[in-house]
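Chemist: Structure in structure tokens, see below.
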Amino acid sequence: MFVTGCSSKRQGVFQGYIEGEFVYVASPLGGTLTNLAVARGAEVKSGQLLFELEREAESAAVREASQKLLQAQAQLENLKKGKRPSEIASLDAQLDRARANLRLSEIELTRVARLREEKVVAADELDRVKARRDADQAQVESLAADLDTARLGARDDEIKAAEAEVQAFTAALARAEWSLTQKKQMAPANARVHDTLYRVGEWVSPGNPVVSLLPPTNIKVRFFVPQAELPGIKIGQGVSVTFDGGANPYRATVNYISTQAEFTPPVIYSQNNRAKLVFMVEAVFSPADADRLRVGQPVDVTLEESVK
């Protein structure tokens, strides 16, 4: 950077200017600007709405993701619960009937076995009654197993798959909600609106700034010090800043000293003013003082006593 006339008028006094680091607020998503809530030069508070982009598609995506998540959660709960109470009651009734049939089969088997011992019935009749009793026993065991399974719910692998689906839809909802919130941008800090870069109705491309802010904490003084006087300046040292028309000086604190040298250009037709090696120095103000200064304002910077 080249600076004209930045050499000190007298020892410890340097010419400089007020500099500002702007905050450019943009949305990572594109869309039509539907609401520009601030005007150039206005003061905004942290969290205050700056602008909104059209977001109907994002709202629809949130609604869709919410419904899919609710469905997945209901499916998971259904798998964990097992069958419905009415289905379990039906199996219970079937098991009771099967047990009753088994009791009758056992009574019949006992009676036929006694008659067989007395040679009253044939052997094949006893075999038939035994087979019926065995079938009733198998039916009772089968229904008891079905009832236990119904009460347990779905298998572990089915439940894990349903849980994974719930997690996936939860992530999809979070992503949709993030996209929706990005269509509205708020002030990240107390600041002055330096400029608005779009008008309502214009299309804003993703990442393009819509509003530029200048927080008071981002206002500083920048001045240039010849290398011969650089050793007298330290980080944390105070400086006094004055400007034309200012009633009182403003105090700032040195927070940066450049490690790279720059050159002032020579003044044309002057043999006495040659390029001098200078270093850029920056100092910051208190937020209250910074709010009274304007970017680009030329100033004089006077060094205070160096910190020990």
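Chemist: Cβ-Cβ below 9 Å, separation at least six or inter-chain, first residue in region 16-39 and crowded, with 18+ Cβ neighbours inside 10 Å, second aromatic (Phe, Trp, Tyr) and outside any strand (DSSP E or B): which pairs?
Modeler: Ile18/Phe243; Leu33/Tyr198; Leu36/Tyr198
Chemist: Do we find a residue being farther than 29 Å from Leu91 by Cβ, at pLDDT below 80, assigned to a helix (DSSP H, G or I) and open to solvent by less than 80 Å² (accessible area, probe 1.4 Å) anywhere in region 124-140?
Modeler: Yes, because at least one residue in region 124-140 is farther than 29 Å from Leu91 by Cβ, at pLDDT below 80, assigned to a helix (DSSP H, G or I) and open to solvent by less than 80 Å² (accessible area, probe 1.4 Å).
Chemist: Is it the case, given these coordinates, that Val204 is among the β-branched types (Val, Ile, Thr) and within 16 Å of Ala39 (Cα to Cα)? Working first, answer last.
Modeler: On the way: among the β-branched types (Val, Ile, Thr): yes; within 16 Å of Ala39 (Cα to Cα): no.
For Val204, the condition - among the β-branched types (Val, Ile, Thr) and within 16 Å of Ala39 (Cα to Cα) - is not met.
Chemist: Here's a follow-up. On the given criteria, is Glu177 within 22 Å of the chain's Cα centre (by Cα) and not aliphatic (A, V, I, L, M)?
Modeler: Working: within 22 Å of the chain's Cα centre (by Cα): yes; not aliphatic (A, V, I, L, M): yes.
The answer is yes for Glu177.
Chemist: Picking from Lys234, Lys160, which residue would you name as being in a loop (DSSP other than H, G, I, E, B), open to solvent by 30 Å² or more (accessible area, probe 1.4 Å) and either over 30 Å from Glu43 (Cα atoms) or charged (D, E, K, R) (or both)?
Modeler: The match here is Lys234.
Chemist: What number of residues within region 244-285 are open to solvent by 40 Å² or more (accessible area, probe 1.4 Å), in a loop (DSSP other than H, G, I, E, B) and at pLDDT below 90?
Modeler: 15
Chemist: Do we find a residue being surrounded by 13 or more Cβ atoms within 10 Å (Cβ to Cβ) and charged (D, E, K, R) anywhere in region 188-210?
Modeler: For region 188-210, residues surrounded by 13 or more Cβ atoms within 10 Å (Cβ to Cβ) and charged (D, E, K, R): present.
Chemist: Okay, moving on. Of all residues in region 41-68 being closer than 27 Å to Val211 by Cα and of a type in the set (Lys, Arg), which is surrounded by the fewest Cβ atoms within 10 Å (Cβ to Cβ)?
Modeler: Lys45
Chemist: Follow-up question, since we're still on this one. Scan region 77-94 and report the pairs whose first residue is within 13 Å of Asp148 (Cα to Cα) and among the small types (Gly, Ala, Ser) and whose second residue is at pLDDT below 75 and open to solvent by less than 60 Å² (accessible area, probe 1.4 Å), with Cβ atoms within less than 7 Å and a gap of 6+ or a chain change.
Modeler: Gly82/Ala150; Gly82/Gly153
The values are calculated or read from the model by the stated rules, or taken from the named source; none is laboratory data. Quantities reported herein were computed from a predicted structural model and do not represent experimental measurements. Every residue, glycine among them, receives a Cβ derived from its backbone with ideal geometry; neighbour counts consider all protein chains shown. For the accessible areas, the whole protein counts, side chains as well, though only heavy atoms, and no ligand, DNA or RNA atoms are used. Shrake-Rupley method; radii C 1.70, N 1.55, O 1.52, S 1.80 Å.
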